[in-house]
Structures are given as C-alpha cells and as structure tokens.
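Report on the following structure.
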Amino acid sequence: MSTQLESELHGTDPASVFREFLSEATPSSVYYLVDLPWPYVAAMTEASTEFDAEELPELRLLARRETLVSLRQSFLGSARAANLVEADTLAVREREPVGDTPLIVGEDQIRVPLLLDGTGAAIVSAQGSFAESAPESITDAWEHGEQFALRTPALGRIRETIADDLGPDLRDDFDQGLARAATQRDPGSFEPVTATVVVAAANGTLHYDLSRWGETVGLASKATFSRRKGELEELGIVTTEKVPVDMGRPRQRLHLTEEYDSVLDDHGVDELVARVAG
C-alpha cells in the first residue's frame, strides 16, 4: 500500500498541536484516536479544557493498556478525560498492540501525530491507499475494543461539589494548587488526596466533612483520607484540634502547623500545595 505524508500542523508541543487540530475539527465529526503515545493522550485532555463540549467532535480513544493506565494514574489527565466522558465527547477503549503507528482517523482523512526531537510536535495528513483502506479496519477494531474505566471523577464535578460541600474558598485554593501542578514538569505527580487535606487544613475544615465529601464524589475512601491525614501529621505538616459535637465522638478540625502556615502566608496556597502534593 502506498502512503504519502503531507505537512499539516506544527507546534512547540503536543498540546499546542492538538489544540489547533480541535479548533479545526467539525463538532459533528467522529475521530478515532488510535495508539496515541502518552504525550498526545495528555495533550488531548489538556487542549480540550479550552473548548466548550458542544465545540468538540466526538473522540474515540483506542489505546494500549499501558497508555490507558498512565492516563488513569494521572489525576489531571484522568479527571479532564472524565469531564469529556460525562459530556459524551469522549469514549475510551483498550486494545491489544497492533503496529507502531499512532493515528487520528476521521471520516475523510487520516492524520499521523508525530513527536519531533528538538522542534516540538506535528500532525501530518496521510494520503494514498492506506488512508483509503484504514477507516474500516479502525471501526472494526473499535467495535472489538474493551471499555476502559478511568476510575476518576470528572474535574468539573469535583470543583462543583467541593464548593457546595466545603465552601468556595476551599475550592479556590484547590484550583490554585491544580493550576500550579499543571505547569510542573510532571503534572501527573499531583496527588489529589494530599492536596485536598492540605487546603482543607489551610481553611480549618473538619476532617469528617472533607473525608465524607471525598468518598461521596469518588475521589477516595474515608479510610484513605484518614491515612493521608495521619501521614501529614507525622511529617509535621498538618495538625488537628478536637471539636465537641452534641452526640458522638468529637470531630477533628484540620490546621496547618506553624511552619507550613508560614509557607502559606509567605508564598501562597499554590506554593504550599506544590511543596506537599506536587
């Protein structure tokens, strides 16, 4: 089969290239994202945040398990992807490795995303007999793919419920920490449970309220929140104050220790979260 590649989109990084691709895509179209390398999967989730759901095409991510596990393990990527799934603009399926060429397959065109050493990234169009024969095989592979659960709540739902249940100030602090994490070299290292315990301590939130919210929204179990709180206490980052209640055992109000309260005062909540949860 003869195939020719024609230059189409170039950028300094996969996110900028994918952003341009999405801006040119027809919202009513369907695109299969096949065997994308992890940088392009992360780029897809990042670039999509700049568009409303109705502006995006239907994206069908068909990837190898190791790539999808990387997505699941990246809180930012997975939570952003879950936003798209909730909006019915993304579906995710797993498949066995077949070949080494990543593809973006549309109704009338095939594109090949590339990582270019030293010069950024590009998406080029594939023309010729391969482009003519591939769509049918891709749709067949999609039909036989296995659905993949992200196991992460949608970022929009996290932000909405954290404001409703724990207050807009805590949501704003969480957003600042998240924004800082997105600029780090490894955004996937952001640990959301640690971050929420820290910002809850910065706001004097009851640990009971925090863990109940976290379990309800699907971020982590109450046991996980309690375990993380204990670890942060041992590290000298968080401390607790007993608060009496009318019935039952006293609740624990979270606070920062004096050292980390100084970090908050001097550098802001984004630096605090970056130091502890980034």
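A few points about this structure:
- Tally, over the range 103-115, of residues that are free of Cβ contacts under 8 Å to residues at least 60 places away in the same chain and assigned to a strand (DSSP E or B): 2
- Residue among Q184, Q176 that is part of a helix (DSSP H, G or I), in contact with a helix residue (DSSP H, G or I) (Cβ under 9 Å, 6 or more places away or on another chain), of a type in the set (S, T, N, Q) and at pLDDT below 95: Q176
- Any chance E20 is part of a helix (DSSP H, G or I), in the same structural domain as L103 (by TED's automatic domain parsing) and surrounded by 19 or more Cβ atoms within 10 Å (Cβ to Cβ): no
- Output for the range 231-270, where each listed residue is of a type in the set (D, E, K, R), surrounded by 16 or more Cβ atoms within 10 Å (Cβ to Cβ) and under 27 Å from the mean Cα position of the chain (by Cα): D270
- Exclusive hit being more than 30 Å from D52 (Cα to Cα) and free of Cβ contacts under 8 Å to residues at least 24 places away in the same chain, set E160, E215, E234: E234
- None of T216, T183 is closer than 22 Å to E86 by Cβ and not aliphatic (A, V, I, L, M) except T216.
- Given (1) within 17 Å of E160 (Cα to Cα); (2) part of a helix (DSSP H, G or I), number of the condition L219 does not satisfy: (2)
- Flag for S211 being under 20 Å from T152 (Cα atoms), surrounded by 15 or more Cβ atoms within 10 Å (Cβ to Cβ) and out of contact with any Leu (no Cβ under 8 Å at 6 or more places or on another chain): yes
- Verdict on G204 being surrounded by fewer than 16 Cβ atoms within 10 Å (Cβ to Cβ), touching a His at 6+ places or on another chain (Cβ under 7 Å) and at pLDDT 95 or above: yes
- Whenever a residue of the range 42-56 is in the same structural domain as A15 (by TED's automatic domain parsing) and loosely packed, with under 14 Cβ neighbours inside 10 Å, its partners that are assigned to a loop (DSSP other than H, G, I, E, B) and not hydrophobic (A, V, I, L, M, F, W, C), lying with C-beta atoms within less than 9 angstrom and at least six residues away or across chains, give the pairs E54/P27; E54/T89; E55/P27.
- Scanning the range 148-162 for residues that are part of a loop (DSSP other than H, G, I, E, B) and not hydrophobic (A, V, I, L, M, F, W, C), we see that the one that is nearest to V217 (Cα to Cα) is P153.
- Matching residues, the range 85-102, being out of contact with any Lys or Arg (no Cβ under 6 Å at 6 or more places or on another chain), surrounded by fewer than 23 Cβ atoms within 10 Å (Cβ to Cβ) and not in a loop (DSSP other than H, G, I, E, B): V85, E86, R93
- Options L36, L9, L68, L62: the member that is at negative phi, at pLDDT below 90 and in contact with a strand residue (DSSP E or B) (Cβ under 8 Å, 6 or more places away or on another chain): L9
- In the range 198-211, the residues that are in the same structural domain as D164 (by TED's automatic domain parsing) and in a helix (DSSP H, G or I) form Cβ pairs under 7 Å with partners that are of a type in the set (G, A, S) and buried (at least 19 other Cβ atoms within 10 Å of the Cβ), at six or more places apart or across chains, as follows: V198/A277; V199/G177; L210/A200.
The values are calculated or read from the model by the stated rules, or taken from the named source; none is laboratory data. Since the structure is predicted, the reported quantities are computational estimates derived from the model, not experimental observations. No Cβ is skipped: glycine too gets one built from the backbone with ideal geometry, and neighbour counts run over all protein chains shown.
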